[in-house]
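The next block holds one structure in the form of structure tokens; read it before the comments.
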Amino acid sequence: MFERLMPKLRVNTVFDIALEELYARGYRGIITDLDNTLVGAKAPLATPELILWFKKVKELGFKLIIVSNNNMNRVSRFAVPLNIEYVHQARKPKSTPFLKAMKQMGLTPEQTIVVGDQMLTDIFGGNRLGLYTVLVLPISVKDEGIGTRINRRVERIALTRLRKQGLWHEEDKFK
Ligand SMILES: [Mg+2]
């Protein structure tokens, strides 16, 4: 069962995603998590580096939408100044928010990438719909709430199991 938590790709940060390569492979849209994927869970706004990354994403021809389990205040405060569309209180790993985001972008699962820092929400939800899932290292785990801390514990169990099954290769981790 833990195979469904395996991302297609692992990177350190969003900046390490080979956007040009994914575009060439036919991907046209990015569904991205917010907390601990784009910025720390307590950071209200985008960093200058991240703003440049959004610009690059757009210039390459990707659509981008934030899908977050966090509330409207948090997500809109981050996304509205950047003119980025978002789905808040998404309840990932449910399929509904991913389907909604793809509909808003006008894209199919085959054209869509999911980026997130949690295997149980972002990766599992994306994998179930056949999206291209990218796991990033969480930016800061110290401010995470109880729900996320429980998820992290399950993640560690899953990782142990996947390593035992030889599915999780350390050598190609976060290249
Ligand atoms: Mg997150």
Cβ-Cβ under 9 Å, sequence separation 6+ or interchain: first residue in the stretch 121-136 and without any contact (Cβ under 8 Å) to a residue 40 or more places away in the chain and under 19 Å from residue 17 (Cβ atoms), partner surrounded by 24 or more Cβ atoms within 10 Å (Cβ to Cβ) and charged (D, E, K, R). Which pairs?
125/92
Of all residues making up the stretch 101-125, the number that are away from the ligand (no atom under 16 Å from the Cβ) and acidic (Asp, Glu):
1
Single residue of 42, 56 found to be modelled with pLDDT under 95 and more than 14 Å from the chain's Cα centre (by Cα):
42
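Of the residues that sit in the stretch 58-83 and are β-branched (Val, Ile, Thr) and within 16 Å of the ligand (Cβ to nearest atom), which one is nearest to residue 125 (Cα to Cα)?
Filtering first and then ranking leaves 67.
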Within the stretch 126-150, restricting attention to residues that are within 12 Å of the ligand (Cβ to nearest atom) and assigned to a helix (DSSP H, G or I), which residue is surrounded by the fewest Cβ atoms within 10 Å (Cβ to Cβ)?
147
In the stretch 52-78, what count of residues is obtained for those that are within 19 Å of residue 12 (Cβ to Cβ), surrounded by 13 or more Cβ atoms within 10 Å (Cβ to Cβ) and of a type in the set (A, V, I, L, M)?
1
Determine whether the stretch 45-64 contains at least one residue that is within 27 Å of residue 151 (Cβ to Cβ) and free of Cβ contacts under 8 Å to residues at least 12 places away in the same chain.
yes
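The values are calculated or read from the model by the stated rules, or taken from the named source; none is laboratory data. Predicted, not measured: the structure shown is a model, and the values here were computed from it. Ideal geometry is used to build each Cβ from the backbone, glycine not excepted, and the neighbour counts take in all protein chains shown.
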